[in-house]
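Reading through the structure tokens given below for one structure.
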Amino acid sequence: MLNLFVKQKSFLQTSLLRSLSSVGTKAIKFTINNKKYESNTAKTILEACRENDIYVPTICYHPMLEPVGKCRLCLVETNQGGKMVPACVTDLRDGLEITTNSPRVVNSVKSNLGLILATHNQECTSCEANGRCELQDLVYRYGVEDKFPKIFEKSHNMVDSSSPSLIRDMDKCILCNRCVQACSLLQGMDILSMTGRGVHAIPKTAFDSPIKETECINCGACSFYCPVGAIAEHSAVRRTLDVLENKNGKIVVFQTAPATRVAISEEFGMEPGDISTGKMVAAIRKLGADMVFDTNFTADLTIMEEGSELLDRVANGGTLPMFTSCCPGWINMVEKLYPEFIPNLSSCRSPQGMLGSIIKNHWAEKMGMKPEDVVVVSVMPCTAKKDEARRDELKTESGLPETDIVLTTRELGRLIKLKKISFLSLDDSEYNNPLGESTGAAVIFGNTGGVMEAALRTAYEIALKKPMPTLNYTPVRGLEGIKEAKIPFGEIELKVAVVHQASNIRKYLQKIKDGEVSHHFVEFMICKGGCIGGGGEPKSLTSDYLERRMKGIYTIDEKKTIRKSHENQAVKQIYEQFFEKPLSHKSHKLLHTHYKNRSKKK
């Protein structure tokens, strides 16, 4: 934890110093490729170039991470001594003359790319990053040939496939350090660290243990930030193809998570936040799915169960604060690192877990089928969902997994491309009902604060017999890491909090331990931004992709006719016909779960 705070302090101090240095100063005048520019704020050369649409190649740089200048691809010439400097870590100064496209700069880029290739296993045709690999794009752009001798040959013991969520092939590693930064600086987990020196350096786990044997929470941040295929989601694309093309009398049912509908479009050249729900459903049908249900349906169901559980705990002296339970990375963190908080977790399954259970244990029976005759494929923004689907608690009485296959949003994009489906030209299609009906409250599960806001819309109305003064509860919205609010709730003041990103969660849990904070209900999401920033979402090199995806989610909510979970008619129907009421015996059996202590101390 100390390591986490030191790293974050350093990163924040650098950003703060740049901000302060721009206060009250005159405009910075500079030139790029003989053209004059001005800037009123402090920034790096790379930031200045990108603001003015001037291309500078990078591969170790990502706008969400601390720049380190390691790859040396961003070297540019300046009038400061005539030497080349890394643009990502060199501050802009008044009078600076920058050249980004001289023969010297281009030759430097080509040489450095050639050296990177010399340490890189080029199994491009079978690599999970093929087609979206940053190195592949750069090599093609600069016409680089693989002319340097290979520094080492492929070593099969460099592949770690122990995790159900992630696969690591360190022969493909280019030493950019992005995975290490994502794991430590952003997530505060410190599972990976750079070991060795020079060409023998490599990101490893402690004692070189398989990922499965570490405290990794399978959030997938490392895979999201990896520019190549050294760390990737444990792909289920080929298995899904096989299921769709060789059904053998089985019914294939898909379900899609809230956050996928504002991100899948990025796989086909559209912008972050573009809403593509109908095209996504249509594409899944063209893949060969027999039914397409919406995980939003069980997001509404989650609110009914979780809201009722919260009211019961508050009224009857249950364990407080109650923690949300729909994020599997968060559940992994509690079970592995903070088992003392297991009693605080809501017993509700995640929406994926609920819908898999309903499909296999209720819907299949209604349709005259056996659970083993149905294959459930879920499309999630999250690599940890692959891990969740294997939990023993989420299996049928006969031991079958209730969710058979989990695809990330990226994998769905690859699957659509493999089948040569023209995504952008598809007409919109609708989900199958009744398990495709949902409200605006359900879709905001995709954003940090969304579960809390959806729960408040329903719990407030059920408890006080009147709607909330406003449905858009802004105190829990936005990308601030920790958000707290107080809501007048009858005879009490309901204290709530929303925390996203693993590093913020660890800080907040320490505050709870130290008695610094006290709440009734806390929402936790392991990824920055919530599900829209999940490790399985399309990779992005823009700095505002989370804000744009978040806006897309809220737009869907606002356009919905029904925006409160308890007003979903299909949810009312399934209670009347099957579950009876929230927290009933059937609900506990099929919609709730339990957790176990998986800490190393145990």
Accessible-area order (highest first, 1.4 angstrom probe) of the listed residues Leu135, Leu464: Leu464, Leu135
Positive-pole candidate from Tyr55, Asn107, Thr90, dipole of the range 42-115, charges at beta carbon: Asn107
Rounded to the nearest 20 debye, dipole of the range 229-287 from Cβ charges on Lys, Arg, Asp, Glu: 400
Solvent exposure ordering (accessible area, 1.4 Å, most first) of Leu412, Leu115: Leu115, Leu412
Mean separation of Cα contacts under 8 Å, 6 or more apart, over the residue count of the chain: relative contact order %: 15
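In the range 435-523, which trypsin sites (Lys or Arg not before Pro) fall in coil by DSSP and have 11 or fewer other Cβ atoms within 10 Å?
Lys465
Placing +1 at every Lys and Arg Cβ and -1 at every Asp and Glu Cβ, with all other atoms neutral, what dipole size does the range 473-593 have around its Cα centre, in debye to the nearest 20?
In debye, rounded to 20, the range 473-593 gives about 280.
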Restricting the range 344-398 to GluC sites (Glu not before Pro) in coil, as DSSP defines it, with at most 15 other Cβ within 10 Å: Glu397
Portion, in percent, of the accessible area of the range 448-602 that falls on carbon or sulfur, probe 1.4 Å: 49
Those lysines that a straight Cα-Cα span of less than 29 Å connects to Lys466, excepting residues fewer than 8 apart in one chain: Lys483, Lys486, Lys495, Lys551, Lys559, Lys560, Lys564, Lys572, Lys581, Lys586
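Starting from the range 182-241, pick out the trypsin sites (Lys or Arg not before Pro) whose DSSP state is loop and whose Cβ has at most 11 other Cβ atoms within 10 Å.
Qualifying residues, ordered by number: Arg197.
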For peptides 545-551, 284-290, sequence by mean Cβ density within 10 Å, most packed first: 545-551, 284-290
Exposure rank, largest accessible area first [Thr119, Thr44; 1.4 Å]: Thr119, Thr44
Kirkwood Rh and Cα Rg combined as Rg/Rh, the range 197-261: 1.11
Size of electric dipole in the chain: Cβ of Lys, Arg +1 and of Asp, Glu -1, about Cα centre, debye, nearest 20: 1080
Lysines with Cα under 21 Å of Lys36, excluding same-chain neighbours fewer than 8 positions away: Lys26, Lys83
Eligible aspartates and glutamates near Lys420 by straight Cα distance, threshold 18 Å, same-chain separation 8 or greater: Glu128, Asp242, Glu245, Glu266, Glu267, Glu411, Asp428
Cβ-based charge dipole, the range 507-557, positive-most Cα from Thr542, Val522, Thr555: Thr542
Dipole of the chain, positive end: most advanced residue of Tyr508, Asn121, Tyr460 [Cβ charges, Cα centre]: Asn121
Average accessible surface area per residue within the chain, 1.4 Å rolling probe, Å²: 42
Sequence-separation-based contact order of the range 369-451, relative, with Cα cut under 8 Å and 6+ spacing, percent: 25
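The values are calculated or read from the model by the stated rules, or taken from the named source; none is laboratory data. Note that the structure is a prediction, hence the values are computed from the model and not measured. When we count neighbours, we look across all protein chains shown, and the Cβ atoms used for this are built from the backbone with ideal geometry, even at glycine. Only protein heavy atoms, including side chains, enter the accessible area calculation; ligands, DNA and RNA are left aside. Shrake-Rupley method; radii C 1.70, N 1.55, O 1.52, S 1.80 Å.
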